[in-house]
Every structure is written in C-alpha cells, then in structure tokens.
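Reading through the structure tokens given below for one structure.
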Amino acid sequence: MKTKNTNLLAQASAKSSETLRLEETLPLLDVILDLKQDIEAVTAEVGLKIMHRYMEQELERRCGRWGEQTHYRHGTQPGYVIFHGRKIPIQRRRLRQKAGGEAALGSYRLFQQDGRMQRAVARKLIRQVSTRDYAGAIDECLEGYGIQKSSVSRQWKAATQAELEKLCQRPVAPNLVALLIDGKSFGGEHLIVALGVDQEGDKHVLGLWHGATENTTVVRALLVDLRERGLDTEAAILVVLDGAKALHKAVKEVFGERALIQRCRVHKLRNVIEHLPKEKQQQAVWRLRGAWAKPTAEAALKELRATVKWLDAISPGAARSLEEGLEETLTLHRLGINEALRASLSSTNLIESCFARAEAWTRRVKRWHGAKMVLRWGAAALLVAEAGFRRVRGHAHLHALKSVLQKHSQLEPLKQAA
C-alpha cells in the first residue's frame, strides 16, 4: 500500500511540474514578442562582432609571431561594411607591410563589396520599392548610411548593368524550335527582344537590343550576335515576326529558306482594323478570327480571301494590309501543328508579356537618361520575367513541330542543288 501511495504522489508531482512549465512558457513567449525588435538589434550587433572578429583573426595571422612579423599593426581608421542593405560605419584596423606601404585586409574588402549592396538594393527595387522609399523599406535594427536615393540609384545602376551584360553574353539555349522577335517603344527608346522556345516548351530570353525594327542593319546585327552565341542558323526554325519588312528581310538574309516565317496574327489584326471605321472594326475582328480558326490551311485561306474582297468595298487600305503577307499568317496551319500549340506560336504575345512586366516596373520612373538606362531596366525586367516563365501551352505537341523542321532541313539542300 505504501508503494502505491508513493507512485500516486510521484505522478501528481510530475503533472504539477508539467503544468508549471507550461504556465512559465506562455508568459515567456509574450516577453519574447514584446522584445522582438530588441532581439533583432542584438543579433545585428552580434553579426557585426563576427565581422570584427574575422578581420582581427586575419590581422593576427598576417602579422605572425613576435620576431617573425611580415606586417605590422598601424592603428585604426573610419570605414564601413555592408550590412542589412546599408553601410554601417566601423573603425577598421590598418595593416602595413614590413617593407613599407599599406596592406589591405581581404576580409574587410569582402564585407565592403559593392555586390552585397547591389543585391540588397536589387531585391527591394525588383519588388516595386522606389529609390525614394528604400530607407523606409529596410529594417532599422542598425544605424547606417548609404541608403539615400542617390546612393541607392548608383547601386541599382551597377546591378542592372550586370544583368544587361549577363543577358547579352550568355550562350543561346540549345534545341530551339521557335524564335520570336518583336520591338516596342519603351521609355522613349525602341527595344527589340528575341525569345526562343526549345523542344521541351521552355521559353528563354535570348537578348535585348536597342534600335528600330524598321532598320534591317540593326536586326541583322542582332541575329548575327545570336549566331555567334550558339544559335544554329543552318537548321530549320519557326520564326514568329510582326509585319516589319526590315525584320522579315534580315531573317531571310541570315537563315535563308530555313526560316519558316509565321506572321503575328495580333499585329496583322491590329493593322487591318486601324484602316476601318469604328462601326466595321468588330465585324472585321470576327471574320479574321473565324478564318484563322478553320481546321485546315485551305479553308482558312479561302475565308481570308473572301474577307479581302469584303474589306475592299469598305476600305482598300485595309484590304491591301490584309493581303500583304497573308499566307504567312497560315504557316502553322500548313505545317499541321496542333491547335493548342498553334494558338501559342501564332503571335508574339509571349514577348508582349515581358514588355508588360517592364512597363509595370517603370511606371514610377520620372526621368529617363537615354538608351543605356532603358536597356538596363529592360534587361532586369526580362530576367525576372524569365524566372517565372511556364512552358508554352500545347508543348506536348512540339515534337511534331520538331519533326517537320527536321524534314524541311533535309529537303532544303536538295532544292538548292536542283
């Protein structure tokens, strides 16, 4: 009986201790939440102390043992490190060589690297934080400087310049089956973007150039640049273009007959209805979309020619606009491509979504300072947009497009020999 009472007492004691621990934990959590800002400040101070310790260890290692020194301590000097997206002032240790002359601490240079500030600035500005609001968007756990709009602008300029160089120098993705090229006025300048689609359906931004699509020289230069970075211009490829004649001419000069050109239907539709009075525009839209929705190229071409006749009685200009490059709007039809994939590759809308992202970013920009600024902002926007790309709709049918292109590549040398 005594043993039983002892066990009961032990159980009761354990339960009371458990209750007590729970009661002690709850107030402690409240205290931690109240002191959260102070805790963050302490952790920031600890981070700075770790930086100081690294620099001190390097100083000791480079000075060496007594009597064997190769360097000497030389007091301190005001300096700074990059921490939490700002410059934090510190007293940096100085080091001199035994033979004379200042020696730099490698750890200090690392903690002071511009790249650290650039990445911090880029993370904020990519998320629509303006340079004027940057100071209010970062944690106030440490007093620092270098966060005024002029300093932030310099860091953003350096970061976007690096993005531009990355975009324009990286190799072209392999196994491309489609190439889309389009231009747009942006920030008072004209930019041209090339986007590739590989046989798995993944989209890749290939490059960004400054210049008008109406200029054949500029377009040829961008295609030659793509070739030098790995684009195979000896293999057949589907090329989706707007109606610019210079763009069409440059593609033919670089690719020859290996380029199967699909004229962008969105641009074509826009060009046609611009010639029409308002009361006829919607009817024209219905007729054109109905024609392109036909299951075969023959049926679509028949309907389009009937639309040309209908337009000619209303606006000869609209009729001529539709006739120009009419059959190139049906290239995917003639290749027998699936309807879902045809909808994805019959226009340059894949590039338009990238331009929409760039416009959303730049709506707060008050002043533009030439083409270089537009290129830098455009490159940053395109790379962020690329990170969120999904595979094109109908990508399961890209193997059929690949097969058609391979057959075209094999036939082309025979045609030239004949």
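The values are calculated or read from the model by the stated rules, or taken from the named source; none is laboratory data. Because the structure is predicted, anything quoted here is derived from the model rather than measured. All Cβ positions, glycine included, derive from the backbone under ideal geometry; neighbour counts span all protein chains shown. Keep in mind that these areas ignore ligands, DNA and RNA; they rest on the heavy atoms of the full protein, side chains included. Shrake-Rupley method; radii C 1.70, N 1.55, O 1.52, S 1.80 Å.
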- prompt: Roughly how much of HIS395 is accessible, in Å² to the nearest 10, using a 1.4 Å probe?
  reply: 60 Å²
Solvent accessible area, Å² - GLU60, 1.4 Å probe, full protein context: 90 Å²
task: Under 12 Å from the Cβ of GLY75, count the other residues' Cβ atoms, weight Lys and Arg +1, Asp and Glu -1, and hand me the total.
output: +4
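If you wrap a convex hull around the Cα atoms of the range 353-406, how much volume per residue is inside, in Å³? All intermediate terms of the calculation are to be shown ahead of the outcome.
Values: hull volume 5.6 nm³, N = 54.
Measuring per residue, one finds 104 Å³ for the Cα hull of the range 353-406.
Of GLU298, GLU58, GLU327, which has the most accessible area with a 1.4 Å probe, and how do the rest follow in descending order?
Descending accessible area places them as GLU298, GLU327, GLU58.
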query: Which value, in Å² and to the nearest 10, is the accessible area of SER403 when all protein chains are kept and the probe is 1.4 Å?
result: 50 Å²
task: Convert each backbone phi in the range 391-404 into a coupling constant with the Karplus relation 6.51 cos²θ - 1.76 cosθ + 1.60 (shift: θ = phi - 60°), then list the ³J(HN,Hα) values in order as whole Hz, x for Gly and Pro.
output: 5, 5, 5, x, 4, 5, 9, 5, 4, 5, 5, 4, 5, 4
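Send over a whole-number figure in Å² for the accessible area per residue of the range 186-279, probe 1.4 Å.
Working: 3650 Å² over 94 residues.
Per-residue accessible area for the range 186-279 comes out at 39 Å².
Antiparallel versus total DSSP beta bridges in the range 176-326: what percent is that, nearest 5?
Details: 17 of 25 bridges.
Among the beta bridges of the range 176-326, antiparallel pairing accounts for roughly 70 percent.
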- request: Please compute P(r) over all alpha-carbon pairs of the range 228-323, binned at 5 Å starting from zero, and give each bin as a whole-number percent.
  value: 2, 12, 20, 20, 16, 13, 8, 5, 3, 1
- request: Provide TYR54, TYR80 ordered by accessible surface of protein heavy atoms (probe 1.4 Å), highest first.
  value: TYR54, TYR80
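Of LYS184/LYS278; LYS278/LYS372; LYS87/LYS203; LYS203/LYS294; LYS249/LYS278, which sit over 30 Å apart, Cα to Cα? Don't skip to the answer; put the middle values down first.
Values: LYS184/LYS278 25 Å; LYS278/LYS372 40 Å; LYS87/LYS203 38 Å; LYS203/LYS294 27 Å; LYS249/LYS278 33 Å.
Beyond 30 Å between Cα atoms: LYS278/LYS372; LYS87/LYS203; LYS249/LYS278.
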query: Stretch ARG229-HIS204 to full length: gain in nm at 0.36 nm per residue minus the Cα-Cα span?
result: 7.6 nm
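Under a 1.4 angstrom probe, counting protein chains only, how are LYS98, LYS203 ranked by accessible area, largest first? If you can, show how the numbers build up before the last one.
Values: LYS98 125, LYS203 35 Å².
My answer, sorted largest first, is LYS98, LYS203.
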query: What list of ³J(HN,Hα) values in whole Hz, one per residue of the range 172-179 in order, does the Karplus curve 6.51 cos²θ - 1.76 cosθ + 1.60 (θ = phi - 60°) give from phi, with Gly and Pro shown as x?
result: 6, 4, x, 6, 6, 10, 9, 10
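Where a ≥ b ≥ c are the square roots of the eigenvalues of the C-alpha gyration tensor, would you call the range 264-418 rounded, which needs a/c under 1.5, or, failing that, prolate if a/b is larger than b/c, or oblate? Numbers along the way, then the final one.
Working: a/c = 2.06, a/b = 1.19, b/c = 1.73.
Cα axes put the range 264-418 in the oblate bin.
Applying 1/(1 + (r/R0)^6) with R0 = 56 Å to the Cβ-Cβ distance of ALA313 and LYS166, what FRET efficiency is obtained, to the nearest 0.05?
Approximately 0.55, to the nearest 0.05.
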statement: Between ARG92 and residues 5 or more places away or on another chain, the pairs with built amide H atoms under 5 Å apart involve GLN77, GLY79
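Would you mind calculating the gained length between LEU326 and LYS372 on full extension (0.36 nm times residue separation, minus the Cα-Cα distance), in nm to one decimal? Display every interim value, and only then the final one.
On the way: separation 46, 0.36 × 46 = 16.56 nm, distance 3.70 nm.
Once the chain is fully extended between LEU326 and LYS372, it gains 12.9 nm.
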field: VAL240 long-range amide H proximity, modeled H, under 5 Å
entry: LEU179, LEU180, ILE181, GLN262
- prompt: With Cβ to Cβ distances under 9 Å as the rule, what net charge do the other residues near VAL392 carry (K, R +1; D, E -1)?
  reply: +3
